[in-house]
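The values are calculated or read from the model by the stated rules, or taken from the named source; none is laboratory data. Please read these numbers as outputs of a predicted model, since none were measured by experiment. Every residue, glycine as well, gets a Cβ built from its backbone with ideal geometry; the counts of neighbours run over all protein chains shown. The protein model used for the area step is the full one, side chains on, heavy atoms only, and it has no ligands, DNA or RNA in it. Shrake-Rupley method; radii C 1.70, N 1.55, O 1.52, S 1.80 Å.
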Amino acid sequence: MQVKIPETSLDELRRTLSGQVITPEDAEYDEARKVWNGDIDRRPAAIAKCRTVADVQAAVGFARKEGLPVAVRSGGHSFPGHSVADGALVVDVRQINQVSLDAANRRVTVGGGAVWSEVDAVTVPHRLAVTGGHVTHTGVAALTLGGGVGHLMRGFGLSSDNLLNAEIVTADGRVLQASETETPDLFWAIRGGGGNFGIATRLEFQLHPMPETVFGGMIFYAPENGLELMRRYNEICKTMPDSVTTILAYLHAPPFPFVPPEVQFKPGYAVIAVCTDQAVGEKILAPLRKFGPPLFEMIAPLPYPAVQSLFDPALPPGTKGYLNGHYFSDLSEDLIQSVHSHTAQMPPGHSQMLILQLGGAVGRVPEGKTAFGGRQAQYLSMFVGIWEETGDRAPAVAWARGFTSDTEKLSMGGSYVNLADEMSETKLANSYGRETYDKLAKLKAKYDPQNVFRLNQNIRPKA
Ligand SMILES: Cc1cc2nc3c(=O)[nH]c(=O)nc-3n(C[C@H](O)[C@H](O)[C@H](O)COP(=O)(O)OP(=O)(O)OC[C@H]3O[C@@H](n4cnc5c(N)ncnc54)[C@H](O)[C@@H]3O)c2cc1C
């Protein structure tokens, strides 16, 4: 049922906000309620396009006064569609996307609505970068607040490990500065606790020097080489230097010029690697480049943005997808066998399996130093069902769900909050670890006792 906000209330919101207020009567409504996942079709009561921090404060206050659920939106990339909900007020901060660089101190300040391509455009020309997501169009704030895994993480840490401070609009409309010295408990919570504690309107990151090119790309193998590839990959990962971050994948070969025509669109395993030190990368990847032999490889010195956008064509906005996964401590023989039997059943189309290698700088931060919960994990799996036609939805979702449930017993019991379907409270607590989860629940009671920010992997307030 469509929720209708009284016209007099809407007029008041329109007068207060410097940005636009969009309602179901407006021509822009259908475009404005779309999110990245094309499977999500929800009808919010209104969308408040915020341009300033004062707009964000006013929008949150308005939603509370009118009793509307608050859906915060920046890049719109939540797989379960947390940034739009039926009958909610969408607080859309996408226009707060200013990025400013302090090259001398290697710092970048980013608006709470920016996406990663906007950050890279400013930092990369100065040969500086911070860990961002694996595609360029995810939102910076939400990705960072959940943790932030990406191609540079084993060397530079998670996106959130590089967060120096943030400006947060809380549920009661205050604007708080969060850093190691100002509201440090909030700063701890937002480095892993997601959007539970407020709306980030500004974030400042530490940057790292980057080589002119990174050595990276993909090596692609026939499905029948999978078992042996995974065993060898697991061995190599045990001694992987921090300057190399890899992903093991099962996907369809893209129709790119470097892919032989007979391999294009065929499924197979892939190792995707990004190395900030070419010599180290060449040495460690040499055995994998010989094994098989691969059906093709595209691995070369590339500008960082080229590597960063490698997955963009495979995951454009409007993709219909379902995703779930787990943290793993090891790529054990049982897991390898299970992965191999499930990849063999992957439905036709664009579904994928990705296993991200963690460790390195991510694993060296002590558990509990920030709220992020995956420090002990060596791998993070993502089973992604993708479909185009309505009729293909059920097999793609069933494949990803089956993969998830069959591998659960081999997992660490939790997963990464940003790359998972709606989590049960048990899985959420496992994802953080019980101690961290309890601390987060207490801080939720302090900063958002009424659970205003609940459209997320929700941590319920506990007094
Ligand atoms: C194609 C694709 C690739 C991805 N790759 C990666 C990856 O490489 N690494 C990784 O770590 N994650 C990745 N993700 C997951 C991504 O980090 C999360 O979905 C993240 O929440 C997306 O942020 P967003 O602003 O785009 O999403 P939105 O849908 O706008 O927001 C997601 C959640 O965050 C909240 N939120 C949004 N903006 C703010 C804000 N400014 N302050 C507080 N809360 C906010 C929303 O309410 C919602 O609950 C990927 C997702 C997709 C779809």
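Data for the structure
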item: Average accessible area per residue (Å²) across region 130-227 - probe 1.4 Å, nucleic acids and ligands excluded; result: 24
item: Modelled label reach - ASP86, point 7 Å along Cα→Cβ, region 1-39 residues with backbone N closer than 15 Å; result: 1-4
item: Principal axis dimensions, largest first and in whole angstrom, of the chain by Cα; result: 68, 53, 42
item: Near-label residues of region 109-132 by backbone N, under 15 Å of a point 7 Å along Cα→Cβ of SER179; result: 109-110
item: Other-chain or far-sequence residues with amide H under 5 Å of LEU128's (modelled H); result: MET210
item: Reduced Cα scattering model of region 356-445, Debye log10 I(q)/I(0), q = 0.11, 0.14, 0.21, 0.26 Å⁻¹; result: -0.38, -0.59, -1.05, -1.35
item: Average Cα contact separation per residue, region 361-463, under 8 Å, 6 or more apart, as relative contact order %; result: 22
item: Amide hydrogen neighbours beyond the local backbone of LYS320, cut-off 5 Å, H modeled; result: GLY38, TRP387
item: Amide proton proximity set for ARG94, modelled H, under 5 Å, gap of 5+; result: CYS50
item: Gain in span if fully extended, ARG42 to ASP11, counting 0.36 nm per residue against the direct Cα distance; result: 8.8 nm
item: Sequence-distant lysines (8 or more away, or on other chains) whose Cα lies within less than 16 Å of LYS409; result: LYS427
item: Alpha carbon centroid spacing (whole Å) that separates region 85-102 from region 218-270; result: 36
item: Mean separation of Cα contacts under 8 Å, 6 or more apart, over the residue count of the chain: relative contact order %; result: 15
item: Aspartates and glutamates whose Cα lies under 20 Å from that of LYS4, excluding same-chain neighbours fewer than 8 positions away; result: GLU12, GLU25, ASP26, GLU28, ASP30, GLU31, ASP41, GLU66, ASP86, ASP92
item: Rounded to the nearest 20 debye, dipole of region 310-408 from Cβ charges on Lys, Arg, Asp, Glu; result: 360
item: Gyration tensor (alpha-carbon) shape descriptor, region 240-368, a/c threshold 1.5; result: rounded
item: HN-Hα J in Hz across region 230-246 - Karplus 6.51, -1.76, 1.60, θ = phi - 60°, x for Gly and Pro; result: 5, 5, 5, 4, 4, 5, 5, 4, 5, 10, 5, x, 4, 6, 10, 10, 10
item: Nitroxide proxy distance, nm - points 7 Å out along Cα→Cβ at ARG106 and ARG289; result: 2.8
item: In Hz, Karplus ³J(HN,Hα) per residue of region 450-457 (6.51, -1.76, 1.60; θ = phi - 60°; x = Gly, Pro); result: 8, 6, 4, 8, 10, 8, 5, 6
item: Fraction of the pair-distance distribution of region 34-173 above 20 Å, Cα-Cα pairs, percent; result: 48
item: Surface accessible to a 1.4 Å probe, per residue, for the residues of region 1-85, Å²; result: 45
item: Relative contact order of region 182-334, defined on C-alpha pairs under 8 angstrom at six or more residues apart (%); result: 33
item: Cα-based Rg / Dmax (Å) for region 312-410; result: 15.1, 46
item: Debye log10 I(q)/I(0) for region 146-236, one point scatterer per Cα, at q = 0.10, 0.18, 0.19, 0.23 Å⁻¹; result: -0.44, -0.84, -0.89, -1.13
item: When region 65-142 is reduced to its Cα atoms, the Kirkwood hydrodynamic radius in Å; result: 13.6
item: In sequence order, calculated HN-Hα J values of region 329-346 (Karplus, 6.51, -1.76, 1.60; Hz; x Gly/Pro); result: 8, 7, 8, 5, 4, 4, 5, 4, 5, 5, 4, 5, 6, 6, 5, 5, 9, 4
item: Packing-based order for 28-34, 335-341, using average beta carbon neighbours within 10 Å, highest first; result: 335-341, 28-34
item: P(r), alpha carbons of region 1-109 - 5 Å bins starting at zero, rounded %; result: 2, 13, 23, 23, 17, 10, 6, 4, 2, 1, 0
item: Projected-area average for region 142-194 over all orientations - Cα convex hull basis, square nanometres; result: 3.6
item: Size of electric dipole in the chain: Cβ of Lys, Arg +1 and of Asp, Glu -1, about Cα centre, debye, nearest 20; result: 840
item: ALA463/GLU435 FRET efficiency (R0 22 Å; Cβ-Cβ; nearest 0.05); result: 0.80
